[in-house]
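Peer 1: Would you mind keeping the following structure in view while I ask a few things?
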Amino acid sequence: MVIKRGFFLIFGILSLGMGLLGIVLPVLPTVPFILLAAFCFARSSEKLHDWLHSHPWFAQPLADWHSRKAMRKGLKRKAFLISGASFALSIALVPLWWVKLLLAVCCISLLLFLWQIPELEDSE
């Protein structure tokens, strides 16, 4: 049990770090890593789980996801815009055609994933 908790704790911290990097780095998604961190912390550290769920940036989106498996319309719109802009910039800067193609496939996959997530009104 200790090994399992340790695994989830380490994986949760790494996921949180990747999610935070995703805020500033193009192409690296934020939302999946934060959701993964919440999942891992729920199985390893009550203190980190509570911190993540009370953090001003993540509390409401995590609560929406946990209770309704949905995102607020404004957050979803921002995710679309920032993800699309990040991928577009990356595709424009990369000189190799096969990397451009790979980035385009990743972009389309991410945008399709975001599109299928149910929306909540911002005022709910």
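The values are calculated or read from the model by the stated rules, or taken from the named source; none is laboratory data. Because the structure is a prediction, the values reported are computed rather than measured. A quick note on method: Cβ atoms are made from the backbone with ideal geometry, for glycine too, and the neighbour counts reach across all protein chains shown. Keep in mind that these areas ignore ligands, DNA and RNA; they rest on the heavy atoms of the full protein, side chains included. Shrake-Rupley method; radii C 1.70, N 1.55, O 1.52, S 1.80 Å.
Peer 1: Just to verify a result, which residue in region 113-124, among those that are open to solvent by 60 Å² or more (accessible area, probe 1.4 Å) and at pLDDT 90 or above, is nearest to residue 22 (Cα to Cα)? Full working, then the answer.
Peer 2: Looking only at region 113-124, we keep the residues that are open to solvent by 60 Å² or more (accessible area, probe 1.4 Å), and these are 113, 115-116, 118-119, 121-124.
The next check asks that each one be at pLDDT 90 or above; those that pass are 115-116, 118-119.
Numbers: 115: 19, 116: 21, 118: 22, 119: 22 Å.
In this case the residue turns out to be 115.
Peer 1: Looking only at residues in region 86-100 that are in a helix (DSSP H, G or I) and free of Cβ contacts under 8 Å to residues at least 24 places away in the same chain, which one is farthest from the chain's Cα centre (by Cα)? Talk me through it step by step, then tell me what you get.
Peer 2: Keep residues of region 86-100 that are in a helix (DSSP H, G or I), which gives 86-93, 97-100.
Remaining after also requiring free of Cβ contacts under 8 Å to residues at least 24 places away in the same chain: 88, 91-93, 97-100.
On the way: 88: 19, 91: 21, 92: 23, 93: 24, 97: 27, 98: 25, 99: 22, 100: 22 Å.
Among those residues, the one meeting the criterion is 97.
Peer 1: Could you pull out the residue among 28, 103, 110 that is in a loop (DSSP other than H, G, I, E, B) and open to solvent by less than 50 Å² (accessible area, probe 1.4 Å)? Walk me through it before giving the result.
Peer 2: Numbers: 103 fails: in a loop (DSSP other than H, G, I, E, B); 110 fails: in a loop (DSSP other than H, G, I, E, B).
Answer to the check: 28.
Peer 1: If you don't mind, there's one more thing I want to ask. Answer yes or no: is there a residue in region 1-23 that is more than 15 Å from the chain's Cα centre (by Cα), surrounded by 15 or more Cβ atoms within 10 Å (Cβ to Cβ) and farther than 28 Å from residue 104 by Cβ.
Peer 2: Filtering region 1-23 for residues more than 15 Å from the chain's Cα centre (by Cα) gives 1-10.
Those still in the list that are surrounded by 15 or more Cβ atoms within 10 Å (Cβ to Cβ) too: 8-9.
Remaining after also requiring farther than 28 Å from residue 104 by Cβ: 8-9.
Yes, region 1-23 contains a residue that is more than 15 Å from the chain's Cα centre (by Cα), surrounded by 15 or more Cβ atoms within 10 Å (Cβ to Cβ) and farther than 28 Å from residue 104 by Cβ.
Peer 1: Still on this structure, I have one more. Just need a number here: residues in region 47-59 that are in a helix (DSSP H, G or I) and either acidic (Asp, Glu) or open to solvent by less than 70 Å² (accessible area, probe 1.4 Å) (or both).
Peer 2: Step one: of region 47-59, the residues in a helix (DSSP H, G or I) are 47-54, 59.
Those still in the list that are either acidic (Asp, Glu) or open to solvent by less than 70 Å² (accessible area, probe 1.4 Å) (or both) too: 48-50, 52-53, 59.
Residues in region 47-59 being in a helix (DSSP H, G or I) and either acidic (Asp, Glu) or open to solvent by less than 70 Å² (accessible area, probe 1.4 Å) (or both): 6 in total.
For (1) assigned by the TED database to the domain that holds residue 112; (2) part of a helix (DSSP H, G or I), each residue gets a yes or a no:
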residue	(1), (2)
10	no, yes
15	no, yes
23	no, yes
37	no, yes
44	no, no
61	no, yes
75	yes, yes
80	yes, yes
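Peer 1: For region 52-59, indicate whether the set of residues that are modelled with pLDDT of 90 or more and among the aromatic types (Phe, Trp, Tyr) is non-empty.
Peer 2: no
Peer 1: Please work out which residue is most open to solvent (accessible area, probe 1.4 Å), limiting yourself to region 60-100 and to residues that are touching a helix residue (DSSP H, G or I) at 6+ places or on another chain (Cβ under 8 Å) and among the charged types (D, E, K, R).
Peer 2: 100
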